[in-house]
Amino acid sequence: MKKLLLAAFCSLMILSSVQAQSYFQDGLSAAFHKERRQALRSLMPANSVAFIFTNPVKNRSNDVDFIYHPNTDFFYLTGFREPNSVLVIFSEMRDFGDFSANEILYVQARDPQAEQWNGKRLGVEGVKELLGFDQVFLNTEFGKNPALDLQSSSKILSFNLGKNQEESSSNASLIAMINDFKSDVQYPEELSEVTMEMYELIRATEVENSANVAQVIGRYQRVHPEVQNDPILQDFVQADSPEKRMALKKQIPDPKLDITTLPKIMDQLREVKSAEEISLLTKAIKISAVGQIEVMKAAAVGMSEREIQGIHEFIYKRYGAEGLGYPSIVGGGNNGCILHYIENDLKSVDQRLLLMDLGAEWRGYTADVTRTIPISGTFNQEEKAIYELVSKAQEAGIALCKAGTDFSEIGHVTRQIINEGLAELGIIKRGERHNYFPHGTSHHLGLDVHDRGGYGKLKEGMVLTVEPGIYIPEGSNCDKKWWGIAVRIEDDILVTAAGPLNLSADAPRTVAAIEEMMRIPSILQNWALPEID
Ligand code: GLY
Ligand code: MN
Ligand code: MN
């Protein structure tokens, strides 16, 4: 709703357009977040403190902001969804004179006027009561409160805050807190995570592997200018003896501020999902599968990409999902070849494949499901050949989703099947390099669509996508009959003790099952709206 009387009462413009998000009553429990904070503490170095700022509000235009989304690490640890907050965690209990604490949350104040426009805020007392924190302060206290007395900490853990600030009045108190923090820790103007990673690598280097480490850093230098420009790293790569490298190791700075440990700990915490998380993820995924099913029934030649997107998203809302995990991708024909095609503005999808990659967000957790269907209801010969090749690769990938498999193995096996199949179909020559499968096969899924997590061995409780694809844009170097065919099949797989569990299996996946679903009539087919010129 447009704010009434905006022009007449300039003071109203000062009212923050921050949206109250409070917390999910039917989402993760306060006990979950509390246990996760304890797990973080147990992985922090001794006598350290971690600062986890939430996301800024992002401005869309003029006095309208984008719908607010909290930082997912912050949300994972707190369950709190209001902006302008920071969580401070200490590795051990600290005595602050008036109180002792091993965690402090700073939040925005209650504000009746702002709440009239944008909804209720929890405030200090609400957060204590609902989220189970003992020590909660107003964000205006951040710089003054002893939590920022950093002298007593040997390490200060933070994410890279380099590019995290948005100049807007809605973010004033977040920016003030970040600036206080930066000035207290003497945060450098330029701080590169990758440079810090290289420093750590050198710190862990022994004489016998120093040449290998120099090679690895050399490879990073080729793609990261900041690594190339760092004098210590330059010297390390160019050093011609292990002795010279060991001497350089002594020059690696060891600042109190550490921006590489916290992301690694959060990867470790978030990669394996608890039963509570799995049930929320399952709900998001099942809702998204219903979206795919209903579109399969309703799809007809001549529908627009946007209308199809609308059906998926209407179904998410009908179930009460709060949003989307990422912008919906609905690409007809050649548009399916654009991997993150989000314009979705083709007015009439005709006789071609339709690639639909969408995910509902349910209580913070997002699905990521792709189906590719023939808009006419039947695959033609070429479409079917490509579809079945992708499907074969996907089946092999899903079968590998067992504890102990190397993440990279899934990509390796699916790619091999696709390469082999493309050669058999005559689309490439055997062994020829090509760009018809230009993306990875799998990623973690959770609070983020590309969720945090390591990419080593699979563990029970991980949820990952398996999403091979083949995309043959118009003008490709192959027979014209393949042009404009784009197929991705993407499912969300839970690694269990009993093997892979496909959480998105409700959405038909085989050629036969899709064609059968598309024969079922949809209530939407008889829904005529008035013509508007
Ligand atoms: N929807 C983004 C992805 O599949 O990774
Ligand atoms: Mn994906
Ligand atoms: Mn996807």
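A few points about this structure:
- Every helix of 4 or more DSSP H residues in the chain counts as -39500 (n - 2.57), and over all residues that averages to -11000 deg cm²/dmol at 222 nm.
- Protein-only accessible surface order, largest first, of LEU324, LEU248 at 1.4 Å: LEU324, LEU248
- Prolate/oblate/rounded call for region 327-472, Cα gyration tensor, a/c under 1.5 rounded: oblate
- Taking amide H atoms as placed 1.01 Å from N in the peptide plane, the amide H of VAL107 lies under 5 Å from those of PHE137, LEU138, ASN139, each 5 or more residues away in sequence or on another chain.
- Quotient of C-alpha Rg and 2.2 N^0.38 Å, computed over the chain: 1.09
- Computed with a 1.4 Å probe over protein heavy atoms only, the accessible area of MET246 comes to about 40 Å².
- Local electrostatic count at PHE90 - Lys and Arg +1, Asp and Glu -1, tallied over other residues with Cβ under 9 Å: 0
- Coupling constants for region 311-328 follow from the phi torsions by the Karplus curve (6.51 cos²θ - 1.76 cosθ + 1.60, θ = phi - 60°), and in residue order they are 5, 4, 6, 5, 5, 4, 5, 4, 7, x, 5, 7, x, 10, x, 5, x, 5 Hz; glycine and proline get x.
- Scattering profile of region 97-234 at q = 0.17 Å⁻¹ [log10 I(q)/I(0), Debye over alpha-carbon scatterers]: -1.02
- When Rg and Dmax are taken over the Cα atoms of region 186-285, they come to 17.9, 57 Å.
- Listed values for region 238-246 are Karplus-derived 3J(HN,Hα) couplings in whole Hz (6.51 cos²θ - 1.76 cosθ + 1.60, θ = phi - 60°), namely 8, 4, 9, 8, x, 4, 5, 5, 5, and x replaces Gly and Pro.
- Student exercise, the chain dipole from Lys, Arg, Asp, Glu Cβ charges, in Debye to nearest 20: 400
- Helix 275-298 axis, angle to the chain major axis (alpha carbon atoms, nearest 10°): 30
- Ordered by solvent-accessible area of protein heavy atoms (1.4 Å probe), largest first, the residues ILE175, ILE410 come out as ILE175, ILE410.
- Tail weight of P(r) past 12 Å, computed on alpha-carbon pairs of region 61-119, percent: 76
- Accessible surface for LEU524 stands near 60 Å², nearest 10, in the context of the full protein assembly shown (1.4 Å probe).
- Karplus-derived HN-Hα couplings along region 448-462 (A = 6.51, B = -1.76, C = 1.60, θ = phi - 60°), whole Hz, x at Gly and Pro: 10, 5, 9, 7, 5, x, x, 10, x, 8, 5, 10, 4, x, 7
- Global form of region 144-191, assessed from the alpha-carbon gyration tensor, a/c cut-off 1.5: oblate
- Under 20 Å, Cα to Cα: Lys pairs in region 258-337, sequence gap 8 or more or different chains: 7
- Per-residue SASA entry for LYS256, accessible area with 1.4 Å probe, Å² rounded to 10: 70
- Kirkwood Rh in Å, taken over all unlike Cα pairs in region 386-502: 14.8
- Three-way shape label, region 29-71, alpha-carbon gyration tensor, a/c 1.5: oblate
- Under 5 Å, built H, 5+ apart or other chain: amide partners of GLU82: GLN21, SER22
The values are calculated or read from the model by the stated rules, or taken from the named source; none is laboratory data. These numbers were taken from a predicted model, which means no experiment stands behind them. Glycine also receives a Cβ, built like all others from the backbone with ideal geometry; neighbour counts cover every protein chain displayed. The protein model used for the area step is the full one, side chains on, heavy atoms only, and it has no ligands, DNA or RNA in it. Shrake-Rupley method; radii C 1.70, N 1.55, O 1.52, S 1.80 Å.
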